[in-house]
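Presented below is the structure to which this report refers.
The values are calculated or read from the model by the stated rules, or taken from the named source; none is laboratory data. Just so we're clear, the structure is a prediction, and the values are computed from it rather than from any experiment. As a convention, Cβ positions derive from the backbone with ideal geometry for all residues, glycine included, and neighbour counts pool all protein chains shown.
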Amino acid sequence: MSRALRECWLSFGQFAATFGGFQLFSLRLLPYVPKSLLRPGLISEQIYSLGALSLVLIMFGGLFVGLVLALQSYNTLVEFGSTDSLGAFASEALVRELGPVVAALLFAGRAGSAVASEVGLMRATDQIAALELMAVDPIQRIVVPRFIGGAVSVPLLAAIFSAMGVLGAYLVGVHLLGVDAGAFWSQIQDRVDAYEDVGVGLMKSFVFGVSASLMGVFEGFYAAPTAEGVSRAATRTVVITSVWILLLDFIITGMTLPEV
Amino acid sequence: MIKVYAASPENLVEIRDVHYQRGDRSVFRGLSLDIPRGSVTAIMGPSGTGKTTLLNLVTGQLNPDDGVVLFDGRVVCPCSRRRLYEVRRKMGVLFQSGALLSNLSVFENVAFPLREHTRLPEELVRQIVLMKLHSVGLRGAWQHMPAQLSGGMARRVALARALVMDPELIIYDEPFTGLDPISMGVIVRLIRHTNDALGITSIVVTHDVAETHELADLSYLLSDGKVVARGSPQELQRDQNDTVRQFMQGLADGPVPFHFPGPEYTEQLQAMAQA
């Protein structure tokens with residue numbers, strides 16, 4: 001029993017140390033951000049590798065979520081005789097909730113783990129030490145461009161995810177289930193608010209993007225310089241980011257829904 | 001008590017009474033050594049004697065617990081990051097693996113320090129990089145990616161990168177490990193030639209006795225956290241100290257034991273059987 005308690009205490013201690021380290025790392029990173037913006041080439045390179053190369057996954061993800069969402073919600077809406085609301089229903093769900101959350105989860109799986117592995121491998125192969133010894137700050141040169149690239153990419157990916165989702169819902173709703181096309185689009189126009197829905201969705205996805213990118217660079221930067229260390233960094237990035245995104249989503253949703 | 005250390009102008013690097021402990025293990029206990037300007041100095045010693053730790057102290061990656069490391073008469077650490085980077089710009093370090101940036105081509109790797117620290121026009125960058133690559137014999141490989149290079153080639157590119165800012169000191173960390181005889185010969189020749197042609201100072205951390213003979217002006221042998229021998233490679237070869245003899249002649253047993261410390265064989269077998 002005492003052994004189990006000690007193990008729990010040690011695990012808690014480890015968690016607290018990692019969480020504290022993450023906070024300190026985040027604070028250490030922030031002052032570099034303005035200076036890094038002066039080198040847009042490095043950031044655009046990362047937006048390409050983290051964002052543009054995730055496009056296919058995000059587009060397919062959005063399309064299929066939209067297709068399924070339309071099928072499921074039509075089944076419910078038909079009972080209330082309000083199938084014309086299908087477009088508004090799907091769009092609100094996508095723009096406010098599913099777009100930011102699912103896009104960020106897919107981003108964490110594809111790009112977050114890639115960043116953690118890449119930076120971790122740079123640590124393991126002495127590339128980060130080499131930068132330090134060339135008097136080049138690795139935080140400035142390696143970490144911050146990836147962080148900014150990720151933070152910028154996720155809102156754009158979430159927007160594309162939502163757009164593809166709406167397209168999917170349109171294809172199923174209008175062409176497969178016979179919902180009126182005019183009603184589909186006009187309901188979206190009426191119900192989806194630029195600030196309350198699109199604005200909140202973008203804000204959420206920006207927060208998720210910052211979290212996913214920070215976690216990727218943090219885990220990679222402090223990865224143990226071994227094959228196992230790099231693999232653990234990639235896994236931890238995906239697991240911790242996913243849980244963190246879902247938790248943040250709950251908090252932000254609670255704070256932004258006017259009826260709550 | 002404040003200790004005052006006087007730097008000699010003849011030495012580029014001076015290590016004075018350095019103590020360094022890692023966990024419970026004392027790596028250095030009052031280590032002192034000098035690296036004369038313009039020389040190739042070899043730091044030798046069995047594995048685990050702290051050769052790489054010594055490099056980390058010289059480059060300011062680690063702080064000594066006590067004592068000082070002086071570079072060009074000034075204390076390397078502890079100091080601000082800016083001051084540390086100023087010192088490091090006068091140094092080039094060649095890692096055992098080369099540590100080339102894997103997403104950049106050979107040309108871009110060598111150009112990297114120039115692009116980060118200078119605002120030279122592209123034409124001049126091109127000239128300097130090709131000149132450095134030519135000096136290591138790899139001008140023709142300028143478009144290759146690091147993954148396409150052999151171990152020896154990667155180290156030569158890393159040498160070109162270390163030389164590109166015209167440093168005063170180049171540190172080679174195990175430059176001969178894992179190389180075939182031809183690559184090893186090339187690296188030995190390059191280290192010596194570069195040192196003499198550019199008038200720089202070189203520190204070579206190694207345990208390859210034969211190559212050190214050919215290369216070094218001065219050798220230090222470290223063991224048990226201290227310098228056990230200092231002199232030319234020939235002098236070290238004649239040294240009668242047991243540790244020096246064991247290392248220079250490659251004897252399996254001696255002051256550095258063959259067996260890792262442990263209980264008696266039979267005791268261990270019995271203990272394991274009972275467990």
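Quick notes on this structure:
- Residue ID - farthest from the other protein chains (Cβ to nearest Cβ), chosen from residues in the stretch B:79-97 that are at pLDDT 85 or above and assigned to a loop (DSSP other than H, G, I, E, B): B:LYS90
- Of all the residues in the stretch B:1-37, those that are at pLDDT 90 or above and assigned to a loop (DSSP other than H, G, I, E, B) number 1.
- Filter pass, B:ILE187 being in contact (Cβ under 8 Å) with a residue 40 or more places away in the chain, of a type in the set (A, V, I, L, M, F, W, C) and touching a strand residue (DSSP E or B) at 6+ places or on another chain (Cβ under 9 Å): no
- Residue check, B:ALA111 part of a loop (DSSP other than H, G, I, E, B) and farther than 23 Å from B:LEU12 by Cα: no
- Any chance A:ALA135 is within 14 Å of chain B (Cβ to nearest Cβ), in a helix (DSSP H, G or I) and either free of Cβ contacts under 8 Å to residues at least 24 places away in the same chain or surrounded by fewer than 20 Cβ atoms within 10 Å (Cβ to Cβ) (or both): no
- Tally of residues being free of Cβ contacts under 8 Å to residues at least 24 places away in the same chain and not in a helix (DSSP H, G or I) across the stretch A:179-199: 1
- Scan of the stretch B:105-139 for residues that are surrounded by 14 or more Cβ atoms within 10 Å (Cβ to Cβ), among the aliphatic types (A, V, I, L, M) and either more than 28 Å from B:LEU55 (Cβ to Cβ) or facing chain A (nearest Cβ under 10 Å) (or both), ordered by number: B:LEU120, B:VAL125, B:LEU130
- Filtered residue count, the stretch A:122-132, keeping only those that are within 8 Å of chain B (Cβ to nearest Cβ) and over 17 Å from B:ALA111 (Cα atoms): 4
- Residue satisfying condition, being within 13 Å of chain B (Cβ to nearest Cβ) and assigned to a helix (DSSP H, G or I), within set A:GLU118, A:GLU79, A:GLU97: A:GLU118
- Filter result for the condition that a residue is part of a helix (DSSP H, G or I), loosely packed, with under 15 Cβ neighbours inside 10 Å and out of contact with any Pro (no Cβ under 7 Å at 6 or more places or on another chain), over A:THR253, A:THR235: A:THR235
- When A:SER85, A:SER91 are checked against the criterion of being touching a helix residue (DSSP H, G or I) at 6+ places or on another chain (Cβ under 9 Å), closer than 20 Å to A:SER205 by Cα and among the small types (Gly, Ala, Ser), a single residue qualifies: A:SER91.
- Single residue of B:ILE187, B:ILE191 found to be more than 30 Å from A:GLU118 (Cβ to Cβ) and buried (at least 18 other Cβ atoms within 10 Å of the Cβ): B:ILE191
- Some residue of the stretch B:52-71 being in a helix (DSSP H, G or I) and more than 14 Å from every other protein chain (Cβ to nearest Cβ): yes
- Qualifying residue in the stretch A:158-178 (condition: surrounded by fewer than 24 Cβ atoms within 10 Å (Cβ to Cβ), farther than 19 Å from A:ALA223 by Cβ, free of Cβ contacts under 8 Å to residues at least 24 places away in the same chain and within 9 Å of chain B (Cβ to nearest Cβ)): no
- Hits in the stretch A:163-178 (condition: assigned to a loop (DSSP other than H, G, I, E, B) and small (Gly, Ala, Ser)): A:GLY178
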